[in-house]
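So that we are looking at the same thing, I have put the structure below in structure tokens.
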Amino acid sequence: MRDPIARLWSMLRFDFRTKDDSDLNAFAATCLSKPKFSTRCDYKSALENIDAVFDPEQVFIGFYEDMFDGDLLDRLYGFLDIAPIAAQTEKRINKSPTAHLPDDVANYFATELAPQYAYIRERFGDAAPEGWLL
């Protein structure tokens, strides 16, 4: 899982990569009213659906941020019972252009996604990455 705000902003930047920032910012200010965007940030529903179908030992949950600096890949290889694969963690594929997240849009995202952060805090406690809005 990736920080919901970072994930949403990345998706929006990718979708708007051929448009100017004013179009992106105007759309971002209301994007969570659209299921295409809101469902991709709804970790609570996704995890509850997974919990309803799979036993806990059948599921691996990790945080995006731990892929680059943490031990996530080693834990994943252990979970899958496979030999480690040399990963190029410094290489980013399909990287969106850099764009500043305006304060008003960040505040909108934080308000709308607050229940997601609360759920992640409740479920994962200190295991959630430090940079998340917790």
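The values are calculated or read from the model by the stated rules, or taken from the named source; none is laboratory data. The structure presented is a predicted model; accordingly, all values stated were derived computationally and were not measured. Every residue, glycine as well, gets a Cβ built from its backbone with ideal geometry; the counts of neighbours run over all protein chains shown.
Looking at segment 37-57, is at least one residue basic (Lys, Arg) and modelled with pLDDT under 95? Even if it seems obvious, please write down each step before you answer.
From segment 37-57, those basic (Lys, Arg) are 40, 44; that's our starting set.
Cutting the leftovers down to modelled with pLDDT under 95 gives us 40.
Yes, that holds for at least one residue.
Which pairs turn up if I take residues in segment 1-25 that are more than 13 Å from Val105 (Cβ to Cβ) and look for partners that are in a helix (DSSP H, G or I) and β-branched (Val, Ile, Thr) with beta carbon separation below 9 Å, at least 6 apart in sequence or on another chain?
The qualifying pairs are Met1/Ile120; Pro4/Ile120.
Let me ask something else about it. Just the residues that are modelled with pLDDT of 95 or more and of a type in the set (Phe, Trp, Tyr), please, taken from segment 64-116.
Correct list: Phe79 only.
I would also like to ask the following. Can you tell me which residue within segment 49-70, out of those that are of a type outside the set (A, V, I, L, M, F, W, C) and loosely packed, with under 10 Cβ neighbours inside 10 Å, is nearest to Gly125 (Cα to Cα)? Break it down stepwise before answering.
Going residue by residue through segment 49-70, those that are of a type outside the set (A, V, I, L, M, F, W, C) are 49, 51, 55-58, 62, 64-66, 69-70.
Subsequent filtering for residues that are loosely packed, with under 10 Cβ neighbours inside 10 Å retains 55-58, 69.
Details: Asp55: 21, Pro56: 17, Glu57: 19, Gln58: 21, Asp69: 19 Å.
Filtering first and then ranking leaves Pro56.
Go through the residues of segment 120-134 one by one and say whether even a single one is part of a helix (DSSP H, G or I), of a type outside the set (D, E, K, R), surrounded by 14 or more Cβ atoms within 10 Å (Cβ to Cβ) and at pLDDT 90 or above.
Taking segment 120-134 as the starting set, the residues that turn out to be part of a helix (DSSP H, G or I) are 120-127.
Narrowing the set further to residues that are of a type outside the set (D, E, K, R) leaves 120, 124-125, 127.
Pick out the ones that are also surrounded by 14 or more Cβ atoms within 10 Å (Cβ to Cβ) and you get 120, 124.
Remaining after also requiring at pLDDT 90 or above: 120, 124.
Looking through segment 120-134, at least one residue is part of a helix (DSSP H, G or I), of a type outside the set (D, E, K, R), surrounded by 14 or more Cβ atoms within 10 Å (Cβ to Cβ) and at pLDDT 90 or above.
Here is a follow-up. Does Asn25 satisfy being of a type in the set (S, T, N, Q), over 14 Å from the mean Cα position of the chain (by Cα), in a helix (DSSP H, G or I) and surrounded by fewer than 12 Cβ atoms within 10 Å (Cβ to Cβ)? Before you say what the answer is, go through the steps one by one.
Values: of a type in the set (S, T, N, Q): yes; over 14 Å from the mean Cα position of the chain (by Cα): yes; in a helix (DSSP H, G or I): yes; surrounded by fewer than 12 Cβ atoms within 10 Å (Cβ to Cβ): no.
No; evaluated as a whole, the condition is false for this residue.
Restricting the first residue to segment 111-134 and requiring it to be closer than 18 Å to Ala46 by Cβ, which pairs with a second residue that is among the aromatic types (Phe, Trp, Tyr) and not in a helix (DSSP H, G or I) meet a Cβ separation below 6 Å and a spacing of at least six or different chains?
Sorted first by the residue in segment 111-134, then by its partner, the pairs are Pro129/Phe63.
With respect to Arg17, determine if the residue is part of a helix (DSSP H, G or I), charged (D, E, K, R) and either closer than 21 Å to Arg121 by Cα or modelled with pLDDT under 90 (or both).
On the way: part of a helix (DSSP H, G or I): no; charged (D, E, K, R): yes; either closer than 21 Å to Arg121 by Cα or modelled with pLDDT under 90 (or both): yes.
Against the criterion (part of a helix (DSSP H, G or I), charged (D, E, K, R) and either closer than 21 Å to Arg121 by Cα or modelled with pLDDT under 90 (or both)), Arg17 does not qualify.
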